[in-house]
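Structure record follows, encoded as structure tokens.
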Amino acid sequence: MSEPLILGIESTCDETGAALVRGRELLGDAVATSMDAYARFGGIVPEIASRAHLESFVPTLDSALDRAGADLSDVDAVAVCAGPGLIGSLTVGISAAKALAVALDVPIYGVNHVVGHLAVDELVDDPLPERFIGLVVSGGHSTIVLVGDIATDVVELGGTLDDAAGEAFDKVGRLLGLPYPGGPHVDRLSRTGDREAIRFPRGLTAGKDSVRHRYDFSFSGLKTAVARYVESFQEAGHEVPRADVCAAFSEAVNDSLTAKAVRACLDMECGALVVGGGYSANSRLRALAAERCEAAGIALRLPPLRYCTDNGAQIAALGAAAVRAGAAPSPMDFAPDSGMPLNIPVVSTVG
Ligand code: KG4
Ligand code: ZN
């Protein structure tokens, strides 16, 4: 018998996503984003995001079904992001998913969005390794996890104590007068700058901090150092060397991310590193991760950009993995969890 058809629904932040997955095969997906609405606010406005999910949900679902050549009546289970994310956005997706599950009389799986960023990798590559280190980097997360089974065994080793990598890039972008979200603009400028021109601090990498926070990150001190540096030029009436600032800042962030991810692989004797999340579009992260993994004999898996940013496929992939692992479906009354812990890949019946 063929594996069940899973409908995945994503609505944690500003992307509405739907996807159909059978086993490890992605049959079709669609994504709508409300990001364009936020440029003039300089950040996501949760109320606008919630309304956008409401408007985009049905058209996005229809496109995904269309692309998969499937009908709603073919769906065997619904997977939906249960958290972490914006509570209003999550509520729209979860309500829609529950309505579909009840109407179709199929089980529902409330899954962890962040873990989904790693699960999606097996839709575009081989099945996930038996044991690996995951690095999830996005506007909201910079996290290192140790993964056995993606649906049942995820242990958080560390993460950022303050800003996420993408968030730090967005803040530096604002400091330099670049449009929101600043991440891709800072990345673009950094390619023309000199990474060694300025030595910005790497948080939690020296002394006692590097022992106590072996797998943790901190980017707030770095952000302050960049702000001071930029101000010193502005106060002197000199033009800010934006490309060098971007290159040196980017180097500091990516040096920390890749050094600690590789360290986790070596400490935990894992031969593979899987990277996911919207920030993995960063060009220097990709290059440095490839360089350092190769030097350490670690296999690096980085999904194509389209599946690094938020999408329904990551949710369907984790739903499919939950079914494969024999996990119980989630109870119909589960609630959105804006701070859903990473060691809960799937909302379980108990607790
Ligand atoms: O995963 P994602 O799409 O949304 C969240 O769940 O947060 O990540 C978006 C984040 C934003 O902060 C954006 O500025 C950042 O990823 N980002 C980048 C790049 N592309 C996206 N940051 C640096 N360099 C990039 N090329
Ligand atoms: Zn995400």
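Could you grab the relative contact order for the chain? Cα pairs under 8 Å, six or more apart, rounded to a whole percent. Value for the chain: 25 percent.
Computed over neighbours whose Cβ is under 12 Å from that of residue 52, the net charge equals -4, Lys and Arg +1, Asp and Glu -1.
Apolar share of the accessible surface for the stretch 271-351: 58 percent from carbon plus sulfur atoms, 1.4 Å probe. Protection proxy ranking of 262-269, 75-82, 7-14, by the mean of other Cβ atoms within 10 Å over each peptide's residues and highest first, is 7-14, 75-82, 262-269. Note on the stretch 76-175: with neighbouring protein chains present and a 1.4 Å probe, carbon and sulfur make up 52 percent of its accessible heavy-atom surface. Counting pairs of Cα atoms in the chain, how many percent are more than 38 Å apart? Beyond 38 Å sits 16 percent of the P(r) for the chain.
Distance between the modelled labels on residue 335 and residue 305, one decimal in nanometres: 4.0 nm (7 Å Cα→Cβ projection). Each label point was placed 7 Å from the Cα along the Cα-to-Cβ direction; for residue 231 and residue 74 their separation is 5.9 nm.
Estimate the FRET efficiency between residue 343 and residue 206 by the formula 1/(1 + (r/R0)^6), using the beta-carbon distance for r and 35 Å for R0, to the nearest 0.05. Given R0 = 35 Å and the Cβ-Cβ separation, E is 0.75.
Between 73, 210, 138, the residue with the greatest mean-square fluctuation in the GNM of the chain (Cα pairs under 10 Å linked by springs) is 73. Given their separation in residues at 0.36 nm each and the Cα-Cα distance between them, residue 58 and residue 174 gain 38.3 nm when the chain is fully extended. Compute the Cα gyration tensor for the stretch 91-249, then decide on rounded, prolate or oblate, letting a ≥ b ≥ c be the square roots of its eigenvalues: rounded whenever a/c is under 1.5, prolate when a/b is larger than b/c in the other cases, and oblate in all that remain. In terms of gyration-tensor shape, prolate. Summarising the label geometry, the points placed 7 Å from Cα in the beta-carbon direction at residue 67 and residue 238 lie 4.9 nm from one another. The alpha-carbon of residue 223 sits under 23 angstrom from the alpha-carbons of these lysines, leaving out residues fewer than 8 places away in its chain: 171, 208, 260.
In the context of the full set of protein chains, the chain has a per residue accessible area of 41 Å² (1.4 Å probe).
The values are calculated or read from the model by the stated rules, or taken from the named source; none is laboratory data. Small disclaimer: the values here were computed from a predicted structure and weren't measured. Cβ coordinates were reconstructed from backbone atoms using ideal geometry, including for glycine residues, and neighbour counts include every protein chain displayed. Calculation scope for accessible area: heavy atoms of the full protein, side chains included, ligands and nucleic acids excluded. Shrake-Rupley method; radii C 1.70, N 1.55, O 1.52, S 1.80 Å.
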